[in-house]
1. Please work out the FRET efficiency for the pair B:L32 and B:D3, using the Cβ-Cβ distance as r and a Förster radius of 35 Å; give the result to the nearest 0.05.
2. Compute the length gained on full extension between A:T56 and A:S246: take 0.36 nm times their separation in residues and subtract their Cα-Cα distance, giving the result in nm to one decimal.
3. Could you give me the ³J(HN,Hα) list for the stretch A:327-337, computed from phi with Karplus coefficients 6.51, -1.76, 1.60 and θ = phi - 60°, whole Hz, x at Gly and Pro?
4. Work out the length of the dipole vector of chain A about its Cα centre, built from +1 on the beta-carbon of each Lys and Arg and -1 on the beta-carbon of each Asp and Glu, and round it to the nearest 20 debye.
5. Give, in nm to one decimal, the length gained when the segment between A:L311 and A:Y98 is fully stretched (0.36 nm per residue of separation minus the Cα-Cα distance).
6. Near the amide H of A:K395, under 5 Å away, which other amide H atoms are found, from residues 5 or more places off or on another chain, if H is placed in the peptide plane?
7. With every protein chain in place, what's the accessible area of A:T113 (1.4 Å probe, Å², nearest 10)?
8. No other cysteine beta carbon under 4.7 Å away is the test; run it over chain A and list who passes.
Amino acid sequence: MTPVSFDGRSLDSSCYQDQALFDLEMERVFRASWVYVGHETDVGQVGDFATVEIGTTPCILVRADDGSLQVLRNRCPHRGTTVCQVPNGNVKRFRCQYHGWTFDTRGRTVGVTFPEAYSQEALSAKNLMPLPKVESYRGFVFASFNPMVPSLSDHLGPAAGYLDRYVDHCGQRALRTTPDAHMSTYPGNWKLQMENGVDGYHANFTHASFFDIMAKRTGKRSRYITASGGGETFDLGNGHVVLDQSQVASSALLDRLMTLPGYADAQKGVDGLDSPEVNRLLAAIPGPGFNLAIYPNLQLIGIQVREIVPLSVTSTLVRVRPLLLAEGPAVINRLRLRYHEMFYGPAGFGQPDDFEMFARISAGLAGNCRDRTWFDRGVKESNPAPDDGIRPPEKGQLTDELPQRGQYREWLRRMSNSPATEDGAMA
Amino acid sequence: VIDLISHNPRMVGELLSNEAHLLDIAEYPEWLSLYTADAEYWMPVDPGAADPADSLNIILDDRSRLEDRVAPVGDEADRLQLGGRPLRSWTRFRS
């Protein structure tokens with residue numbers, strides 16, 4: 001395998017391009033630990049399913065006939081055909097179209113075409129191989145290939161507190177995901193999107209056109225990022241990190257609402273809600289104000305649930321959808337949809353700009369010259385590297401690259417399959 | 001619009017062709033002038049979506065959002081960053 005290192009400040013750039021390393025990531029970063037596979041409201045009723053991925057491996061999240069959540073391999077145990085071809089729906093059985101084998105919602109093989117030619121033994125172990133670990137935390141469902149993985153709550157650690165704040169950002173009101181998602185791919189490695197979702201340093205340039213348009217529309221200054229003007233970053237351990245803009249950005253985010261059709265009318269009142277509740281729900285449209293990245297494939301940003309799906313070493317699918325009120329006035333949910341659409345999706349005013357940067361990074365790294373990629377912004381001279389290789393400094397400023405360092409420490413730990421050594425070299 | 005397509009498909013074809021041309025030559029003010037003040041530009045995620053307001057959309061623009069899309073922003077250094085050219089695909093229209 002190619003020797004690679006993250007030394008606490010910079011990364012060997014080949015980690016965005018190396019095929020052998022990517023294959024190892026699928027095993028050690030994705031299959032060895034917890035991966036986000038969906039929201040419980042995606043599969044609310046028995047038989048509801050959604051096709052999902054663990055790294056590049058296709059799986060099916062399904063609400064089984066006993067009410068349990070199962071994650072099955074989307075792979076016929078006979079010859080390997082995918083048994084489900086659509087993103088979501090409701091079924092009693094999955095059927096492989098190749099030879100007609102059928103499977104129930106717990107993955108058990110319930111029908112084999114002309115079974116007489118098989119012994120009972122030959123069939124007994126053939127099923128859709130339900131993943132050994134499926135757990136959810138407050139509606140967010142995670143799964144793992146690894147039966148020995150620590151509990152989900154150990155894995156989340158202090159990130160669970162941020163998940164709570166996210167889930168509770170509309171008070172007692174329950175939330176649901178939209179059935180549809182914005183799906184876009186970019187020509188670049190999956191880690192680029194993981195870095196970017198918690199990057200407090202890029203917005204003024206990457207999203208300059210959006211800030212200009214907002215300033216023009218609202219008549220107010222729309223840039224909120226300054227060298228040291230508030231906002232914080234946190235490393236929560238296990239690769240989970242936070243970019244907290246709630247103090248510094250909330251007024252700029254609320255100003256954006258003024259450009260949404262229907263917002264001014266909603267401010268005057270919403271049928272069935274008293275006026276303090278209207279104000280609370282309108283103020284909650286931009287979400288709790290922080291970006292939370294749950295390693296390795298989930299980001300909660302504003303009101304958005306973002307899934308990062310590696311397709312190949314230099315191709316990535318990003319699936320985003322807003323959270324809406326599970327029950328509540330359509331007026332509020334429409335504003336939440338419009339707020340999300342403004343920045344996200346293939347024609348949003350923000351997300352395509354990030355994708356363009358990922359494409360340019362891929363272009364800039366062509367030729368694999370073994371360059372370094374730097375994440376040393378805000379490294380404290382007094383504390384240049386974590387002494388035990390694991391515990392990083394926990395808190396930084398908004399534009400510090402502390403979240404990315406947290407992600408790459410975890411990446412290195414998993415890739416080494418042992419605690420990182422002091423100089424960050426692979427064990 | 002549906003009536004127009006069934007009764008005068010050629011006229012609709014000419015209108016769309018003209019719109020594409022204006023975008024190709026970056027005549028944005030004239031492109032905008034094709035749209036009325038109450039225009040709604042809708043591109044849903046789900047082609048079967050029934051109602052723009054309650055759906056997740058790729059585009060649901062009112063007139064001012066259309067203006068945002070072509071607003072001149074940035075400075076000369078920003079314009080040097082515009083390396084690409086848009087690729088438009090104009091295939092068919094039907095009611």
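The values are calculated or read from the model by the stated rules, or taken from the named source; none is laboratory data. Keep in mind that what you see is a predicted model, and the values were worked out from it rather than measured. Backbone-built Cβ (ideal geometry, glycine too); neighbour counts: all protein chains shown. Side chains included, ligands, DNA and RNA excluded: accessible areas come from the protein's heavy atoms. Shrake-Rupley method; radii C 1.70, N 1.55, O 1.52, S 1.80 Å.
1. Rounded to the nearest 0.05, the efficiency is 0.90.
2. Taking A:T56 through A:S246 to full extension adds about 65.0 nm, to one decimal.
3. After applying 6.51 cos²θ - 1.76 cosθ + 1.60, I find 9, x, x, 4, 4, 5, 5, 4, 5, 5, 4 Hz.
4. 860
5. Going from the current span to full extension adds 74.2 nm.
6. Amide H neighbours of A:K395, under 5 Å, 5+ apart: A:D235.
7. 60
8. Those would be A:C15, A:C59, A:C84, A:C170, A:C369, since no other cysteine Cβ in chain A comes under 4.7 Å of theirs.
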